[in-house]
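Student: Supplied in structure tokens, the structure appears directly below.
The values are calculated or read from the model by the stated rules, or taken from the named source; none is laboratory data. Everything numeric in this text was worked out from a predicted model, so none of it was measured. Heads up, the Cβs are rebuilt from the backbone with ideal geometry, glycines too, and the neighbour counts pull from every protein chain shown. When the accessible area is computed, the model is the full protein with side chains, heavy atoms only, and any ligands, DNA or RNA have been set aside. Shrake-Rupley method; radii C 1.70, N 1.55, O 1.52, S 1.80 Å.
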Amino acid sequence: MGRRILPGVDVDDVFKDLERYFLPRQNFQSFIDQLILQGFDCVGPVMRDEAIIFDRLDTVSELPQGAYDRQAPGYYRLESSGDARWFSWANGPQALKPYLFPSREVLWEGTVDENGGLSFKERIVEPKPLAVLGVRACDLAALAIHDAHFLKEPSPDVHYARRREQLFIVAVHCSHPASTCFCVSTGDGPAATGGYDIALAELDEGFIIDAGSDRGKLILDQLPLLEADEAQLDQTRRELDAAVAVQTRALPEGPLNRILFENLDHPRWDDVAERCLACGNCTSVCPTCFCASENEVPSLDGQTSEHCREWSSCFTQGHSSISGHVIRPDIRTRYRQWLTHKLGSWIDQYGRSGCVGCGRCIAWCPVGIDLTEEAAAICKDASDE
């Protein structure tokens, strides 16, 4: 199968019709300070437990200066480039998902009163405004999918909606994709083309910066900005072009929703099942997976009970248990469910694949299963028929 490059936004268009500003590196702290001053809790990339994760961010000293990530199937390591940049890495195990769709939350609670009667109360938490720095284009694409799911009328998820309203996104164009990345193939990167409040393009000496919302413009108005010059814009274009050129992985061409469902008995499903541990790592790190289970957690005295929503996975036995009957009893059928749903039926549900090309499932799989290879193997045989 040939490399699949979807029609997308030309790199030059990233800077077309934008007010082109430049924020010197030494003034980046003023950007963080301004977000905090405007009432946002700031979250950004920090190095912890030998990975880059999102966590509370107050000063530039906490950013991963000179760090880059070397990724491969089943492999993630941080190394030092020795330069001054803070965002010269591809991604870590997190995306925006934990901040909008927490791994565990209480939806409502039940209480027994003194007369033995039951009452129920929805648990609504008012979130604080949150600014997330370092969001990649692939994660913006994943956010759009979650918006389509959780905010769908007539019954939007109120918990997700409240967090979404309070979210301020600072995107960073990805100039250093990992070898596991394939966002070019899915049409989702490496440049952020929308869905953000502020976008940054990092250079050695600072950042080209632009606003994507009125809230973003209000922040920019308070910063010591310079006008970006053509040399800086050209350097950014070259780095984004290079980020496109280095991506060698790709999803196969063709209508995956049709091809995959026409090959449910392909021997490749047995092959991958022999390697897969059904651990659910891929679904945990995936920025679009949103399977969940809902469980009752009673108090020890039996007077109250919390109704909790928790992340789940289609790799668990309970995910396909209906009336005591497990529909997908083995790893073969569970992996097949994950891949056909992610790459196939989501196209019918949301108008696009559920994969945004971030490559996290490849790097964080303990046995290094590469979904692009699995999909390609099935599609190759289909095209040869």
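Student: Using the Kirkwood radius over Cα pairs, work out the Stokes-Einstein diffusion coefficient for region 69-144 at 10 °C and 1.306 mPa s, in µm²/s as a whole number.
Tutor: It diffuses with D of about 94 µm²/s by this estimate.
Student: Say each of residue 126 and residue 321 gets a label point 7 Å from the Cα, pointing the same way as Cα to Cβ; how far apart are those two points in nm?
Tutor: Distance between the two pseudo-spin positions: 4.0 nm.
Student: Moving on to the next point. Normalised radius of gyration for region 173-220, please: alpha carbon Rg relative to 2.2 N^0.38 Å, two decimal places.
Tutor: 1.31
Student: Pick out, from 190, 307, 88, the residue whose Cα sits farthest towards the positive end of the charge dipole of the chain, with +1 on the Cβ of Lys and Arg and -1 on the Cβ of Asp and Glu.
Tutor: The one lying farthest along the dipole's positive direction is 307.
Student: Another question, if that's okay. Could you work out the equivalent-ellipsoid semi-axes for the chain, taking the square root of 5 times each eigenvalue of the Cα gyration tensor, largest first, in whole Å?
Tutor: Semi-axes, largest first: 35, 30, 18 Å.
Student: With every protein chain present, what is the per residue accessible area of the chain (1.4 Å probe, Å²)?
Tutor: Each residue of the chain exposes 46 Å² on average to a 1.4 Å probe.
Student: Could you grab the relative contact order for the chain? Cα pairs under 8 Å, six or more apart, rounded to a whole percent.
Tutor: Dividing the mean separation by the residue count of the chain yields 23 percent.
Student: From the Cα gyration tensor of region 216-341, with a ≥ b ≥ c the square roots of its eigenvalues, which class applies: rounded if a/c is under 1.5, or else prolate if a/b is larger than b/c, or else oblate?
Tutor: oblate
Student: Give me the percent of the accessible area of the chain that comes from carbon and sulfur atoms, probe 1.4 Å, all protein chains in place.
Tutor: Here carbon and sulfur together make up 50 percent of the probe-accessible area.
Student: Taking square-rooted eigenvalues a ≥ b ≥ c of the alpha carbon gyration tensor, is region 174-257 rounded, prolate or oblate, where a/c under 1.5 means rounded and, failing that, a/b exceeding b/c means prolate?
Tutor: Oblate is the answer for region 174-257, as a/c is 1.5 or above yet b/c matches or exceeds a/b.
Student: So, one more: Please give the calculated 222 nm ellipticity per residue for the chain, where each DSSP H segment of at least 4 residues contributes -39500 (n - 2.57) and the sum is spread over every residue; nearest 500 deg cm²/dmol?
Tutor: Mean residue ellipticity, 222 nm, calculated: -8000 deg cm²/dmol.
Student: DSSP H helices in the chain with Cα extent of 15 Å or more along the helix axis and mean Kyte-Doolittle hydropathy at least -0.5?
Tutor: Span-like helices in the chain: 137-150, 371-384.
Student: Tell me, what is the FRET efficiency for residue 258 and residue 75 to the nearest 0.05, using R0 = 35 angstrom and their Cβ-Cβ distance as r?
Tutor: Once rounded, the FRET efficiency stands at 0.55.
Student: Radius of gyration and Dmax for region 134-209's Cα atoms, expressed in Å?
Tutor: 14.3, 48
Student: Separate question: Considering all projection directions equally, how large on average is the shadow of the alpha-carbon convex hull of region 117-170, in square nanometres?
Tutor: Orientation-averaged projected area of the Cα hull: 4.9 nm².
Student: Which of rounded, prolate or oblate describes region 329-369 when judged by the alpha-carbon gyration tensor and an a/c cut-off of 1.5?
Tutor: Oblate.
Student: Enumerate the calculated ³J(HN,Hα) couplings along region 194-204 in order (Karplus 6.51 cos²θ - 1.76 cosθ + 1.60, θ = phi - 60°), each rounded to whole Hz, writing x wherever the residue is Gly or Pro.
Tutor: x, x, 10, 8, 9, 10, 10, 10, 8, 10, 4
Student: What ranking, highest mean first, results for peptides 317-329, 224-236, 172-184 when packing means the other Cβ atoms within 10 Å averaged over each residue?
Tutor: The densest-packed peptide leads the list: 172-184, 224-236, 317-329.
Student: Still on this structure, please answer the following. What spacing in nm lies between the two simple spin-label points modelled at residue 83 and residue 244, each 7 Å away from Cα in the Cβ direction?
Tutor: According to this spin-label approximation, the distance is 2.0 nm.
Student: Hey, got the Cα dimensions of region 295-385 along the principal axes, in Å, largest first?
Tutor: If we take the Cα atoms of region 295-385, the spans are 63, 31, 30 Å.
Student: What residues of region 193-220 lie in the reach of a label at residue 30, counting those whose backbone N is under 12 Å from a point 7 Å from the Cα along Cα→Cβ?
Tutor: 220
Student: Taking Cα atoms of region 212-253, Rg/Rh with Kirkwood Rh, to two decimals?
Tutor: Rg/Rh: 1.21.
Student: Using a cut-off of 28 Å between alpha-carbon atoms, which lysines can reach residue 97, once sequence neighbours fewer than 8 places away in the same chain are excluded?
Tutor: Hits, sequence-local ones excluded: 121, 128, 152, 217, 342.
Student: Which residue, 91, 115, 295, has the most motion in a Gaussian network model of the chain that connects Cα atoms within less than 10 Å?
Tutor: Greatest mean-square fluctuation among the candidates belongs to 115.
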